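Everything below concerns the one structure shown next.
What follows draws every value from the coordinates through simple rules; no lab data is involved. Model, not experiment: these values are computed from the prediction. A quick note on method: Cβ atoms are made from the backbone with ideal geometry, for glycine too, and the neighbour counts reach across all protein chains shown.
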Amino acid sequence: MSKNKAAMLEKGQEALPGDAVSPREAIKDPFVLEFLDLKDEYSESDLEAALIQHLETFLLELGGDFCFIGRQKRLRVGDAWYRVDLIFFHRRLRCLVVIDFKIGAFTAADAGQMHLYLNYAREHWTHADENPPVGLILCAEKDAAVAHYALEGLPNEVLAAEYRTALPDEQELSAEIERTRALLEERRAALPEGEIE
């Protein structure tokens, strides 16, 4: 609609502080992976293989800015070999996203392992014009207190998110809707009169 389209397009190419998105905003928690059709017992490699088989659906669950880079990427640190489960690139964050699967509960050791992966990725896989890599630990269970103390203050951005292989039942969904509604009403009530969130 602008009369000077060239100037508007040029201005729009400059990043504004309000355009920035943090990894915590860009990566959701939990992920619903019911499309994998996994049975009650499965291994981390079963989970990864099912995700690769359903990569398009998994990318849709992750969000629109994720691009697949690779799986089971090997890295050598000292005399030990490691494998990173999945690597994506996030277009808006302009960084690699390293994903590690855990079929059990999140532990502090998982954070340490991801920290090692991210330090290596930053040194060997990240291009000069990219932001530092972000780690995402997808686990079956996450204790908020353990995640807080294990992940807080790390020099690398490491997130832990739960995955679910089935949608919650109707009662859980209703309870979550009510919690969200109450939270929104609290926020609205806390705003100064006349200000809209």
Seminar exercise, completed: Ranked output for segments 94-106, 114-126, 175-187, 58-70 by mean other Cβ atoms within 10 Å, highest leading, reads 94-106, 114-126, 58-70, 175-187
Exercise. Quick one: in the chain, what % of C-alpha pairs are over 28 Å apart?
Worked result: 38 percent
For this session: Could you pull the Rg and Dmax for region 131-197, using just the Cα atoms, both in Å?
Result: 17.0, 43
